[in-house]
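The values are calculated or read from the model by the stated rules, or taken from the named source; none is laboratory data. For clarity, every value in this text was computed on a predicted model and none was experimentally measured. Note that each Cβ is placed from the backbone with ideal geometry, even for glycine, and that neighbours are counted across all protein chains shown.
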Amino acid sequence: MLIFRHIKHMRSQLEPYRKRGQRISFVPTMGNLHGGHMSLIKRAKAQSDIVVCSIFVNSFQFMLTEEWDKYPRTFEADCQRLREIGCDYLFAPNDSEMYPNGLSTQSRVVCPSMTDILCGRSRPGHFEGVTTVVSKLFNIIQPDESVFGLKDFQQISIIRRMVEDMCLPIKIVGGPIYRESDGLAMSSRNVFIRSNERPKVKVLKESLFEVGQSLAEGEKDFYGLEKQASERIEQHGFEVDYISVRNSLTLEEAAIHDQDLIVLGAMYTKSARLIDNFILRLDNIMDNGGEDKK
């Protein structure tokens, strides 16, 4: 695996593959890689000739400087995992490479219809940072497809909309959620969960799956299901950010006639914010073609 720090070198390395018509897959990450990331890379390898990953802790998408400062950085271990799985290239720029003129004057990419709901309500500006950096990475790598995890469902929905709106010739592929043995969705931020809270955090997944099963059985009282799930989580001592049943294709609030449904949730522990979801009719979602994995 070759590692590139500079945009011009990364571009020149990939140009011959494009000229030969070889397929390039791209998996963007912020590092601290886990099994979920590895599953995305395996998926990319199965569908392309060349796999490029990126590691860049994007300061633009963090609300507070201290959140960016404490994000876990495990670069050497990440590189070893990428080599073992067979990643071809790693793009690992620094802030000055990605934002040479600083953030205050950086041009921005905004998808207004999806960014101020759900996670966007409690994290204003977060998705603007995501879409801006992803659009820059797409411009640099110019992949044929890019693979994102379905745990961050709002994120992949926004990126898909951005690709459509900007007429980018990139296929966005969703990879299934990977879980710990107790059902907790794998996340780089799980390292922040306190040991005394760790046995209880599975309540988020369990509550969402309970709502999902009720939806699958035909229940249409969306508000009642959301309220019930929220109360269950609060009984375990956690603060609920949101529990919401949505149309999985549009992220709009679910309507009675909708068949493509998803229930999304976010909660706070004392030291971490966790998200998860349950998708009905999973095969309809962005070519992911998979189920939750452990």
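Worth a mention:
- Some residue of segment 186-207 being surrounded by 17 or more Cβ atoms within 10 Å (Cβ to Cβ), touching a Leu at 6+ places or on another chain (Cβ under 8 Å), within 27 Å of H257 (Cα to Cα) and not assigned by TED's automatic domain parsing to the domain that holds V51: yes
- Any chance V27 is aliphatic (A, V, I, L, M), under 25 Å from R123 (Cα atoms) and crowded, with 20+ Cβ neighbours inside 10 Å: yes
- When restricted to residues that are in contact with a Lys or Arg (Cβ under 7 Å, 6 or more places away or on another chain) and free of Cβ contacts under 8 Å to residues at least 12 places away in the same chain, segment 254-282 contains 0.
- Residue in segment 251-258 that is modelled with pLDDT of 60 or more and in a strand (DSSP E or B) present: yes
- Test for S135: is it crowded, with 19+ Cβ neighbours inside 10 Å, small (G, A, S), out of contact with any Asp or Glu (no Cβ under 9 Å at 6 or more places or on another chain) and under 24 Å from G174 (Cα atoms): no
- Residue satisfying all of: in segment 45-61; among the hydroxyl-bearing types (S, T, Y) and at pLDDT 95 or above; surrounded by the fewest Cβ atoms within 10 Å (Cβ to Cβ) among these: S48
- On inspection, I41 qualifies as assigned by TED's automatic domain parsing to the domain that holds S146, of a type outside the set (K, R) and touching a Cys at 6+ places or on another chain (Cβ under 8 Å).
- Close Cβ contacts (under 6 Å, 6 or more residues apart or on different chains) running from residues in segment 80-98 that are touching a residue at least 60 places away in the same chain (Cβ under 8 Å) to residues that are aliphatic (A, V, I, L, M) and exposed (fewer than 13 other Cβ atoms within 10 Å of the Cβ) comprise Y89/L2.
- Screening V191, V130 for residues that are in contact (Cβ under 8 Å) with a residue 60 or more places away in the chain, more than 18 Å from L251 (Cβ to Cβ), out of contact with any Phe, Trp or Tyr (no Cβ under 7 Å at 6 or more places or on another chain) and of a type in the set (V, I, T) leaves exactly one candidate, V191.
- Test: residue in segment 57-76 that is farther than 28 Å from Q106 by Cα, touching a residue at least 12 places away in the same chain (Cβ under 8 Å) and over 16 Å from the mean Cα position of the chain (by Cα): no
- Filter result for M114 (without any contact (Cβ under 8 Å) to a residue 60 or more places away in the chain and either under 24 Å from P176 (Cβ atoms) or not small (G, A, S) (or both)): no
- Of the residues making up segment 132-175, those that are out of contact with any strand residue (DSSP E or B) (no Cβ under 8 Å at 6 or more places or on another chain) and farther than 21 Å from G36 by Cβ are T132, S135, K136, N139, R161, M162, E164, D165, M166, C167, L168, P169.
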